[in-house]
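Read through the structure below, which is laid out as structure tokens, and then see the notes.
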Amino acid sequence: MSTDNELISINPATLEEVGRTAVTTPAELDAKAVAAQSAFQSWRTSRSTRQGLLAACSYELMRQSTAISALLTAEQGKSLTDSSGEVWISARCLAHFARLDWADESQAPASPIRDARIQHRPLGVVAAIVPWNFPIFLMMAKIAPALAAGNTVLVKPAESVSLVVGEVVRILQSILPEGVLDIVYGGPDTGKALIEHAAVRKVSFTGSTGVGKAIMKQAAETITPVTLELGGNDPAILLDSADINYAAGFLAHSAFFNSGQMCIAPKRAYVPADKVDAFCATFEAVMSTMVVGDGAAAGTTVGPLHNSAQLEYVQGLLDKARADGADITGGNRITTLPGYFMEPALVRGVDDSSDIVKFEQFGLAFPVVAYTNVDDVVSLLNSQEFGLGASVWGEQAAAVEVAEQIDAGQVWVNTHNALEVELPFGGVKSSGFGREGGEAGVHDFLETRVVSVKL
Ligand code: NAD
């Protein structure tokens, strides 16, 4: 197990050690922050230079994709196909911000008493704190726009994925000027020390809502602005007009992508009561085709959960649902394999009072709730804590009408998990604030100044 000085990465499929990383000392953190502050002065000066280097980073990441994907699978657990998909979308994110155009400056509305210009300027050193579920992409969704905007960045990965994030940072550092991008390793104490460092002018965090609240309080000490990409409990709402087979098949794949450990995965379905049987039959048929195993093995489609705490948590939700009378297909722990494995589970006979519906599972369990009135479903969802994503399935115009009523950062119609780096991404309510992706992603790392000249 990890110590105060060393992080030990464990393969979640084999429980074997993948490697070790030294925890960054306070003195090292201070030196890296000072170097990032100093590098900011020249990095901020030329957007075209920055974007050229980010394009080169994108290319180099893809060139080294095979080795990075293998390390990601060993350390995080996802299948090799999903690992190479994560590397690909990370390279795509770099490419998007390498070619994005935005206005640095605009003329203020005319006035007879002054001539004013509105300017958008980089902030300085950015702290990017990221979780373990998509460790490369969620880092890239921060560092690509932050660097494009002219900031320098210090990344703190989740402890359990330090090796692969460190390797990707090394690839980018081989192209970027010294001090522009660096990494600090460690747990919450390292994260806290980073946030509170005097050189840090912005914190961008992705992770759980509980830690997001702690980070907001820590950043308050130094009045450092924060972006928070937090948890979600995304609903999929099927209307009477939905193509039940299509929706059930699509949702089974989306719900269990990355072993369900995805903030915007569908985490519950609301299905018209008379269509629940048909929905579950298709969902179960698709579920039965999934191959659970070591992500490195050919043919694996569903890897292990990332750690024992996550496995215990999901199993606990299933045990509680079972004790409360739910009807569960699958969900057993797989004890013939050494790692954190379980069968995907479909849960029916539950409602909005069940823990497995109320709480984000972040694992291989998907509850189905029967409903009779869609307006009641929308009112209930809008009264709840999270607002990250949602999807509505059915005849397009009717589905769009329902989608427009849902309070969430992204609402999909007849699809789910459709993440695009070209579009702004983020949550509302307890799912956070601030946006990544699109042009909004770059504005999250800029501050506005007005220069006004008296006439
Ligand atoms: P986590 O909140 O436990 O940890 C995330 C990061 O914060 C890690 O690097 C951790 O070391 C660091 N950290 C923990 N305490 C800290 C502190 N006090 N100060 C500074 N840093 C601290 O999250 P996790 O378990 O790694 O990830 C799972 C959660 O992330 C889920 O809730 C999921 O929904 C959420 N998530 C959200 C998004 C999104 O874009 N909205 C994306 C992926 C995951």
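The values are calculated or read from the model by the stated rules, or taken from the named source; none is laboratory data. This is a predicted model, so every value here is computed, not measured. Note: ideal-geometry Cβ built from the backbone for every residue, glycine included; neighbour counts use all protein chains shown. Surface accessibility is based on the protein's heavy atoms, side chains included, excluding ligands, DNA and RNA. Shrake-Rupley method; radii C 1.70, N 1.55, O 1.52, S 1.80 Å.
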| said: If I filter segment 415-435 down to residues being more than 13 Å from the ligand (Cβ to nearest atom) and free of Cβ contacts under 8 Å to residues at least 24 places away in the same chain, which single residue comes out as least open to solvent (accessible area, probe 1.4 Å)? | reply: 418
| Subset of segment 152-188 (residues that are within 12 Å of the ligand (Cβ to nearest atom) and small (Gly, Ala, Ser)) | 158, 160, 162, 186, 187
| field | Options 273, 236: the member that is in contact with a Lys or Arg (Cβ under 8 Å, 6 or more places away or on another chain) and within 14 Å of residue 374 (Cα to Cα) | value | 236
| Filter result for residue 38 (modelled with pLDDT of 95 or more, open to solvent by 70 Å² or more (accessible area, probe 1.4 Å) and among the polar types (S, T, N, Q)) | yes
| request: Scan 180, 153, 169 and give me the residue that is at pLDDT 95 or above, assigned by TED's automatic domain parsing to the domain that holds residue 75 and surrounded by 24 or more Cβ atoms within 10 Å (Cβ to Cβ). | output: 153
| field | Evaluation of residue 46 against (1) touching a strand residue (DSSP E or B) at 6+ places or on another chain (Cβ under 7 Å); (2) of a type in the set (S, T, N, Q); (3) open to solvent by less than 80 Å² (accessible area, probe 1.4 Å) (one fails), failing number | value | (1)
| field | Checking residue 412 against (1) touching a residue at least 24 places away in the same chain (Cβ under 8 Å); (2) within 30 Å of residue 129 (Cβ to Cβ); (3) crowded, with 20+ Cβ neighbours inside 10 Å; (4) more than 15 Å from the chain's Cα centre (by Cα), the condition it does not meet | value | (1)
| task | Within segment 74-95, track down each residue that is assigned to a helix (DSSP H, G or I) and open to solvent by less than 10 Å² (accessible area, probe 1.4 Å). | result | 75, 76, 83, 86, 87, 90, 91, 93, 94
| task | Check 144, 127 and return the single one that is assigned by TED's automatic domain parsing to the domain that holds residue 447 and farther than 20 Å from residue 190 by Cβ. | result | 144
| query | What about residue 121, is it more than 16 Å from the ligand (Cβ to nearest atom) and either in a helix (DSSP H, G or I) or not assigned by TED's automatic domain parsing to the domain that holds residue 198 (or both)? | reply | no
| task | Could you tell me whether residue 119 is touching a His at 6+ places or on another chain (Cβ under 8 Å) and either on the phi < 0 side of the Ramachandran plot or of a type in the set (A, V, I, L, M, F, W, C) (or both)? | result | no
| task | Name every residue in segment 7-42 that is out of contact with any helix residue (DSSP H, G or I) (no Cβ under 7 Å at 6 or more places or on another chain), assigned to a helix (DSSP H, G or I) and either touching a residue at least 24 places away in the same chain (Cβ under 8 Å) or assigned by TED's automatic domain parsing to the domain that holds residue 341 (or both), in order of residue number. | result | 28, 30, 32, 33, 34, 35, 36, 37, 38, 39, 40, 42
| said: Here is a check on your reading of the model: is residue 191 more than 23 Å from residue 74 (Cα to Cα), away from the ligand (no atom under 16 Å from the Cβ), of a type outside the set (Phe, Trp, Tyr) and touching a helix residue (DSSP H, G or I) at 6+ places or on another chain (Cβ under 8 Å)? | reply: no
| query | Would segment 51-68 turn up any residue that is within 16 Å of the ligand (Cβ to nearest atom) and either part of a helix (DSSP H, G or I) or open to solvent by less than 30 Å² (accessible area, probe 1.4 Å) (or both)? | reply | no
| message | Restricting to segment 123-155, name every residue that is of a type in the set (Val, Ile, Thr) and touching a residue at least 40 places away in the same chain (Cβ under 8 Å). | response | 125, 126, 129, 130, 136, 152, 153
| task | May I ask you to say which residue of 300, 372, 329 is surrounded by fewer than 18 Cβ atoms within 10 Å (Cβ to Cβ) and within 27 Å of residue 76 (Cα to Cα)? | result | 329
| task | Can you tell me which residue within segment 343-359, out of those that are in a loop (DSSP other than H, G, I, E, B) and buried (at least 22 other Cβ atoms within 10 Å of the Cβ), is farthest from the chain's Cα centre (by Cα)? | result | 350
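Yes or no, residue by residue, for (1) open to solvent by 10 Å² or more (accessible area, probe 1.4 Å); (2) free of Cβ contacts under 8 Å to residues at least 60 places away in the same chain; (3) more than 9 Å from the ligand (Cβ to nearest atom):
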site	(1), (2), (3)
212	no, no, no
227	no, no, yes
240	yes, no, yes
255	no, no, yes
| From 306, 253, which residue is within 21 Å of residue 416 (Cβ to Cβ) and assigned by TED's automatic domain parsing to the domain that holds residue 372? | 253
| said: For segment 375-386, give me the residue count where each residue is in contact with an Asp or Glu (Cβ under 7 Å, 6 or more places away or on another chain) and either buried (at least 24 other Cβ atoms within 10 Å of the Cβ) or closer than 20 Å to residue 276 by Cβ (or both). | reply: 1
| Out of all the residues in segment 257-285, which are closer than 14 Å to residue 412 by Cβ and away from the ligand (no atom under 15 Å from the Cβ)? | 269
